[in-house]
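Pasting a structure here, questions to come.
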Amino acid sequence: MIWNHAGLVAEVRTDGTNRVALLHLDANQPVVLEGTAAAIWDLIDGQRNEQDIVAELEATFEDPSGQMQSQVQGFLASLEAQRLIEASPNTSL
């Protein structure tokens with residue numbers, strides 16, 4: 001599946017850190033992403049599929065537990081449930 005950032009999401013970044021605050025405009029609470037979570041957010045671009053995102057992360061972060069793929073899938077599902085991302089119309093890639 002290929003994901004895009006949802007259209008009704010405001011994003012604020014802190015300079016010099018890997019931290020981003022997100023707020024769906026219909027939500028009451030912001031979501032703050034740091035570290036790997038913020039890296040995943042940056043890789044969601046409407047071009048990369050889940051496997052591409054996992055491959056990029058594996059090239060950057062160690063995965064001694066071998067759980068990265070399932071953790072990324074769970075995180076993406078969480079972002080979708082919070083309406084922060086949506087499936088790209090380019091899902092055939």
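I need the phi-derived Karplus couplings for segment 19-27: 6.51 cos²θ - 1.76 cosθ + 1.60, θ = phi - 60°, integer Hz, Gly and Pro marked x.
3J(HN,Hα) across segment 19-27, in whole Hz: 9, 9, 9, 10, 9, 6, 5, 9, 9.
Only Lys, Arg, Asp and Glu count, each charged at its Cβ (+1, +1, -1, -1), so figure out the dipole size of the chain about its Cα centre, rounded to 20 debye.
I would put it at about 220 debye.
Of the peptides 12-22, 60-70, 74-84, 38-48, how do they stack up when ordered by the mean number of other Cβ atoms within 10 Å, highest first?
Those peptides, ordered most packed to least, come out 38-48, 74-84, 12-22, 60-70.
Please give the net charge around LEU8, taking every other residue with its beta carbon less than 13 angstrom from that of LEU8, where Lys and Arg add +1 and Asp and Glu add -1.
Overall, the nearby charge balance is -2.
How big is the chain on each of its three principal axes, counting only the C-alpha atoms and giving the largest first in Å?
The Cα atoms of the chain stretch 36, 34, 20 Å along the principal axes, largest first.
Largest first and in whole Å, give the semi-axes of segment 4-57's equivalent ellipsoid, each being the square root of 5 times a Cα gyration tensor eigenvalue.
Sorted largest first and rounded, they come to 20, 15, 8 Å.
Could you please report the charge total around GLN67, scoring K, R as +1 and D, E as -1 over all other residues with beta-carbon less than 15 angstrom from its beta-carbon?
Local net charge: -4.
Using the heavy atoms of the protein chains alone and a 1.4 angstrom probe, what is the accessible area of the chain per residue in square angstrom?
The answer is 60 Å² per residue.
Something else about it: For the chain, what does the helix formula give at 222 nm: sum of -39500 (n - 2.57) over DSSP H segments with n ≥ 4, over the residue count, nearest 500 deg cm²/dmol?
Mean residue ellipticity, 222 nm, calculated: -10500 deg cm²/dmol.
With helices defined as uninterrupted DSSP H runs, which ones in the chain have an alpha carbon span along their own long axis of at least 18 Å and mean Kyte-Doolittle hydropathy of at least -0.5?
68-81
Okay, moving on. Relative contact order, percent, of the chain when contacts are C-alpha pairs under 8 Å separated by at least 6 residues?
Normalised by residue count, the contact order of the chain is 40 percent.
What percentage of the solvent-accessible surface of the chain, computed with a 1.4 Å probe over protein heavy atoms, is contributed by carbon and sulfur atoms?
48 percent
The values are calculated or read from the model by the stated rules, or taken from the named source; none is laboratory data. Predicted model, so just to flag it, every value in this text is computed and none were measured. So basically every Cβ, Gly included, is an ideal-geometry build from the backbone, and we count neighbours across all protein chains shown. Areas reflect the complete protein model, heavy atoms only, side chains present, ligands, DNA and RNA absent. Shrake-Rupley method; radii C 1.70, N 1.55, O 1.52, S 1.80 Å.
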